[in-house]
Amino acid sequence: MAPTLLTPEGLRKLQTELAQLRDEGRRKAAQRIRDAKAQGDVRESGEYEDAKEYQAFIEGRIRELERLLADVEVIEDIDQPDVVHLGSRVRVRDSAGYEEVWTLVGSAEANPRSGRISNESPVGRALLGRRVHDTVEVQTPDGIDRLTILEIS
């Protein structure tokens, strides 16, 4: 299995989330179960079932984070700031003239709504290794789009 690629910021966020889930998340889940049990018969209690599902979600997320963090490769700055690489912030213009700014990250911390796209996504793959003024073609749900790199930071 390949290592989890993370920026230093992404590593800190996942470590913080794991610590919070182990502490606050587990405590909250246990309290919800105790509260549901205190109401009486748990065999037909919706609150008890909800509390157990919440506990299962918390434990599942803890296991997922532990797995991700067990083999991490932190993305460091590369000596070529003029080439798109993991961790680069890239401003592009599409064929319709619309500009967007994305940061290329590993898939574990990708969040397109926040402008963080995975290096494994079609756009991410197309941009890696490119330079300012390069134009790449990317297959999108609407067809092929051409993106021109305007800035790399």
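We did not get these values from a lab; they are worked out from the coordinates using the rules stated. What you are looking at is a predicted structure, and each value in this text was computed from that prediction instead of being measured. We place every Cβ from the backbone using ideal geometry, glycine too, and count neighbours over all the protein chains shown.
Per-residue HN-Hα couplings for region 101-117, Karplus 6.51 cos²θ - 1.76 cosθ + 1.60 at θ = phi - 60°, whole Hz, x for Gly and Pro?
10, 10, 10, 7, 9, x, 4, 5, 10, 5, 7, x, 5, 9, x, 10, 10
For region 63-97, state which GluC sites (Glu not before Pro) are in a DSSP loop and have at most 16 other beta carbons lying within 10 Å of their beta carbon.
When the GluC sites (Glu not before Pro) of region 63-97 are filtered for loop state and at most 16 Cβ neighbours within 10 Å, Glu76 remain.
Which order results if Val136, Val42, Val92 are arranged by neighbouring Cβ count within 10 Å, fewest first?
Sorted ascending by nearby Cβ count, the order is Val42, Val136, Val92.
Which aspartates and glutamates does Lys37 reach when only Cα atoms under 19 Å apart count, and residues fewer than 8 places away in its own chain are ignored?
Glu47, Glu49, Asp50, Glu53
In whole Hz and in residue order, list the ³J(HN,Hα) couplings for region 13-23 that follow from phi through the Karplus curve 6.51 cos²θ - 1.76 cosθ + 1.60, θ = phi - 60°; x for Gly and Pro.
Ordered by residue, 3J(HN,Hα) equals 4, 5, 5, 5, 4, 4, 4, 5, 5, 5, 8 Hz.
Which FRET efficiency value, to the nearest 0.05, do you get for Val132 and Arg12 by plugging their Cβ-Cβ distance into 1/(1 + (r/R0)^6) with R0 = 35 Å?
Taking R0 as 35 Å, the efficiency between Val132 and Arg12 is 0.75.
What residues have an amide H closer than 5 Å to that of Glu73, excluding those fewer than 5 places away on the same chain, when H is modeled at 1.01 Å from N in the peptide plane?
The list, which skips near neighbours in sequence, is Thr4, Leu5, Leu6.
Once R0 is set to 22 Å, what does the formula 1/(1 + (r/R0)^6) return for the Cβ-Cβ distance between Gln20 and Arg89, expressed as a FRET efficiency to the nearest 0.05?
Efficiency computed from Cβ-Cβ geometry: 0.20.
Do any trypsin sites (Lys or Arg not before Pro) in region 1-52 lie in a DSSP loop with no more than 16 other beta carbon atoms within 10 Å, and if so, which?
When the trypsin sites (Lys or Arg not before Pro) of region 1-52 are filtered for loop state and at most 16 Cβ neighbours within 10 Å, Arg43 remain.
Out of residues 5 or more away from Val42 or on other chains, whose amide H comes under 5 Å of its own, with H placed 1.01 Å from N in the peptide plane?
For Val42, whose amide H was placed from the backbone, there are no distant partners under 5 Å.
Can you pull out the chymotrypsin sites (Phe, Trp or Tyr not before Pro) in region 54-127 that DSSP calls coil and that have at most 10 other Cβ atoms within 10 Å?
Tyr98
Going by amide H atoms built from the backbone, whose H comes under 5 Å of the H on His85, apart from near neighbours?
Hits under the 5 Å cutoff: Gly129.
Which order results if Glu17, Glu99, Glu109 are arranged by neighbouring Cβ count within 10 Å, fewest first?
Ranking Glu17, Glu99, Glu109 by Cβ neighbours within 10 Å, fewest first, gives Glu99, Glu17, Glu109.
For Lys13, which aspartates and glutamates qualify as cross-link partners when the Cα separation must be under 15 Å and same-chain residues fewer than eight apart are set aside?
Filter leaves Glu64, Glu66, Glu73, Glu109.
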